[in-house]
Amino acid sequence: MSTFIACTTYLAYATFIFVGHVRDFFAWFLGRGRFVRVASDFPGDDWSRFAPLLKSWEDFYFRRIYIRVQDAFNRPIASKPGSHIDVLERVSDDAQKSMH
């Protein structure tokens, strides 16, 4: 792998992380965002009673990085394995929350 490719890859990840932290800050500051928990009167929504499933970095990575690039990782193969394969194109109508 060339040095240029490695540097641009690290730069892209650093950009994703920086933009993710900025988005988290503004979601916290403004009190609204895609991943902000809203207070509810329903007793089942009391998240303080449950242990966290993800650590803070894993949660941040999943919310801010993985969801945006999941179409690059989760491509179903549409042909038999070999030196040449066909992959299905996946589309999302709801900002990468679900893939079709």
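Miscellaneous remarks
- Any hit, region 32-50, residues being of a type outside the set (A, V, I, L, M, F, W, C), at pLDDT 75 or above and in a helix (DSSP H, G or I): no
- Complete set of residues in region 54-75 that are closer than 17 Å to ALA95 by Cβ and among the basic types (Lys, Arg): ARG63, ARG64, ARG68
- Hits in region 1-31 - residues which are modelled with pLDDT under 90 and of a type in the set (A, V, I, L, M): MET1, ALA27, LEU30
- Only one entry of ALA72, ALA78, ALA95 meets the criterion of being touching an Asp or Glu at 6+ places or on another chain (Cβ under 7 Å) and among the hydrophobic types (A, V, I, L, M, F, W, C), and that entry is ALA78.
- Output for region 75-85, where each listed residue is loosely packed, with under 10 Cβ neighbours inside 10 Å and either closer than 18 Å to PHE16 by Cβ or among the charged types (D, E, K, R) (or both): LYS80
- Qualifying residue in region 78-88 (condition: among the polar types (S, T, N, Q), part of a loop (DSSP other than H, G, I, E, B) and at pLDDT 80 or above): yes
- Against the test of being surrounded by 11 or more Cβ atoms within 10 Å (Cβ to Cβ), in a helix (DSSP H, G or I) and either modelled with pLDDT under 80 or in contact with a Cys (Cβ under 6 Å, 6 or more places away or on another chain) (or both), the options ASP71, ASP59 yield a single qualifying residue, ASP71.
The values are calculated or read from the model by the stated rules, or taken from the named source; none is laboratory data. Given the structure is predicted, the values throughout are model-derived calculations rather than measurements. Backbone-built Cβ (ideal geometry, glycine too); neighbour counts: all protein chains shown.
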